[in-house]
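Undergrad: I'd like to ask you about the structure that follows.
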Amino acid sequence: MSKLTIAEAAAKALSLIGEPATYKVVYSKIMEHSLYKFGAKDPLSVLRVQMERHSDSTSWSNESQIKLFTKNEVGEFSLLSESPANNKEEQVKTTNSLELVHQLANKLKQDTIQRIIDHLYSLEPEEFEFFCKRFLDRYGFENMQVTQRGRDGGIDVHGQLEVGISMLHVAAQCKRYKKTNKVSRPDIDMFRGAIQGEYQQGIFITTSSFTKEAQDSAFKRGCVPIVLIDGETLAEIMIERGIGVSTSHIPIYDFELDLV
């Protein structure tokens, strides 16, 4: 659950109260249900200011575009049941602005994932093996080497991975397959047979994907476990770890009086 703003916490509190209430009563309900954690020395004043800013009857110059409350003649706040059409439009516009930013960020991420996958498809099989070697190096594996072609026995890259106080011997198979050519269970079984007894961990990396049977056979009791990394997962890890991917940090501002 995302963190509520002061105004949102007040609206939630009023909803729980179910009738008009002063900001002091609202504050008590916020504290009772832990709707917001205030950091100011005078939280009551901060709450009053925020509720006034979000009230349809405020005359403050720094009023909020989003109107959540109305206030009666004795100073009690209520939730707005209806608001003018233009206020509704402004409220929707303001409320959705952050959501739009997240949607654009997600679209940029998906576009980057597709660009990575398209690039991987363009590589020759041997180039893809060297790419996987560099990827595993950057991820944290050690002493990774590409096996000489023709002598791999199903092992394309091998090296070590430090896990706690242990050093595991790991081997990877790297298949630059077309999207329609899924890795099947026999592929996993053959790879496991090639590394059984010499390696403690297997990694199968492909640009395509894995069949359900292949996924089910990746971890079998008493056998070497095989980590499966398909094209989309590979791209996701590259983005998460910053492997071949740069990021631009754009600040998103939201004024919170409580933090002053």
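Undergrad: Outside any loop (DSSP other than H, G, I, E, B) and either in contact (Cβ under 8 Å) with a residue 40 or more places away in the chain or open to solvent by 60 Å² or more (accessible area, probe 1.4 Å) (or both), is that true of Gln215?
TA: Criteria met by Gln215.
Undergrad: In addition: What number of residues within segment 138-151 are closer than 18 Å to Asp230 by Cα and open to solvent by less than 80 Å² (accessible area, probe 1.4 Å)?
TA: Of the residues in segment 138-151, 0 are closer than 18 Å to Asp230 by Cα and open to solvent by less than 80 Å² (accessible area, probe 1.4 Å).
Undergrad: Just to check your reading of the model, which residue among Lys175, Lys133 is among the basic types (Lys, Arg), crowded, with 19+ Cβ neighbours inside 10 Å and under 24 Å from Ser209 (Cα atoms)?
TA: That would be Lys133, the only listed residue that is among the basic types (Lys, Arg), crowded, with 19+ Cβ neighbours inside 10 Å and under 24 Å from Ser209 (Cα atoms).
Residue-by-condition table, conditions (1) within 24 Å of Glu73 (Cβ to Cβ); (2) outside any helix (DSSP H, G or I); (3) within 30 Å of the chain's Cα centre (by Cα); (4) without any contact (Cβ under 8 Å) to a residue 60 or more places away in the chain:
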position	(1), (2), (3), (4)
Ala7	yes, no, yes, no
Lys12	no, no, yes, yes
Ala40	no, yes, no, no
Met51	yes, no, no, yes
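Undergrad: Working carefully through the options Ile66, Ile30, find the one that is within 32 Å of the chain's Cα centre (by Cα), β-branched (Val, Ile, Thr) and open to solvent by less than 30 Å² (accessible area, probe 1.4 Å).
TA: Of the residues listed, the single one that is within 32 Å of the chain's Cα centre (by Cα), β-branched (Val, Ile, Thr) and open to solvent by less than 30 Å² (accessible area, probe 1.4 Å) is Ile30.
For every residue, the table says whether it meets (1) assigned to a helix (DSSP H, G or I); (2) aliphatic (A, V, I, L, M); (3) free of Cβ contacts under 8 Å to residues at least 24 places away in the same chain.
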position: Ala172; (1), (2), (3): no, yes, no
position: Lys179; (1), (2), (3): no, no, no
position: Pro186; (1), (2), (3): yes, no, yes
position: Asp189; (1), (2), (3): yes, no, no
position: Arg192; (1), (2), (3): yes, no, no
position: Tyr199; (1), (2), (3): no, no, no
position: Gly202; (1), (2), (3): no, no, no
position: Glu236; (1), (2), (3): yes, no, no
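A quick yes/no check of all residues on (1) aromatic (Phe, Trp, Tyr); (2) at pLDDT below 85; (3) in contact with a strand residue (DSSP E or B) (Cβ under 8 Å, 6 or more places away or on another chain); (4) open to solvent by 60 Å² or more (accessible area, probe 1.4 Å):
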| site | (1), (2), (3), (4) |
| --- | --- |
| Lys37 | no, no, no, yes |
| Leu47 | no, no, no, no |
| Ser83 | no, yes, no, no |
| Thr95 | no, yes, no, yes |
| Leu98 | no, yes, no, yes |
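Undergrad: Within the group Ala235, Ala218, which residue is modelled with pLDDT of 90 or more and over 20 Å from Phe130 (Cα atoms)?
TA: After applying the criteria, what remains is Ala218.
Undergrad: Among the residues in segment 184-196, are any under 15 Å from Gly231 (Cβ atoms) and surrounded by 13 or more Cβ atoms within 10 Å (Cβ to Cβ)?
TA: Scanning segment 184-196, I find no residue that is under 15 Å from Gly231 (Cβ atoms) and surrounded by 13 or more Cβ atoms within 10 Å (Cβ to Cβ), so the answer is no.
The values are calculated or read from the model by the stated rules, or taken from the named source; none is laboratory data. Predicted model, so just to flag it, every value in this text is computed and none were measured. As a convention, Cβ positions derive from the backbone with ideal geometry for all residues, glycine included, and neighbour counts pool all protein chains shown. Each accessible area value is taken on the protein alone, full model and side chains, heavy atoms only, with ligands, DNA and RNA left out. Shrake-Rupley method; radii C 1.70, N 1.55, O 1.52, S 1.80 Å.
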